[in-house]
Amino acid sequence: MGASGLRPRPLECRSEARYTHLAILVLAGNQMLAAAAYLLLSAIWRQRAFALMAAGSVAAYSLYELSLHGLAFQYLWPDATTWAPCSLLVLMGTAQLLQSL
């Protein structure tokens, strides 16, 4: 059994990458559900500042996570090649700014 026996098969690599992308998308989906719950709470409490702080920071952070793993560039802005590297800084800065309010 040579060195070729230690290499993973291409099919195995694709299935692992698919499950990783699925887990990241589920995490981002859960964060978006949390943002929707914060929007509902802000509507019940009638406080717009709470909506901006909570839902905005969760949405910005989930977009940051998608950008970090390349999924936002792949699905949300595939043609914006100059925005893709800048989006990490902008989205993390936005999330931190909204959380500090």
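Over all directions, what mean area does the Cα convex hull of segment 9-100 project, stated in square nanometres?
Numbers: hull surface 27.0 nm².
That works out to 6.8 nm², a quarter of the Cα hull's surface.
Report the gain in length on full extension from Ala23 to Leu89: 0.36 nm times residue separation, minus Cα-Cα distance, nm rounded to one decimal.
Working: separation 66, 0.36 × 66 = 23.76 nm, distance 2.31 nm.
Between Ala23 and Leu89, full extension yields 21.4 nm more.
Please list, in chain and number order, the residues 5+ apart from Gln47 or on another chain whose amide H is under 5 Å from its amide H, with Hs placed from the backbone.
none
Short version: ³J(HN,Hα) in whole Hz for each residue of segment 49-59, in order, from phi by Karplus 6.51 cos²θ - 1.76 cosθ + 1.60 (θ = phi - 60°), x for Gly and Pro, what are they?
5, 5, 5, 5, 5, 6, 5, x, 5, 5, 5
Rounded to whole Hz and in sequence order, give me ³J(HN,Hα) for segment 20-35 from the Karplus expression 6.51 cos²θ - 1.76 cosθ + 1.60, θ = phi - 60°, writing x for Gly and Pro.
With coefficients 6.51, -1.76 and 1.60, one gets 5, 5, 5, 5, 5, 5, 5, 4, 5, x, 5, 5, 5, 5, 5, 5 Hz.
Since every read-out is calculated from the coordinates, none of them should be taken as a lab result. All of these numbers come straight from a predicted model, not from anything done at the bench.
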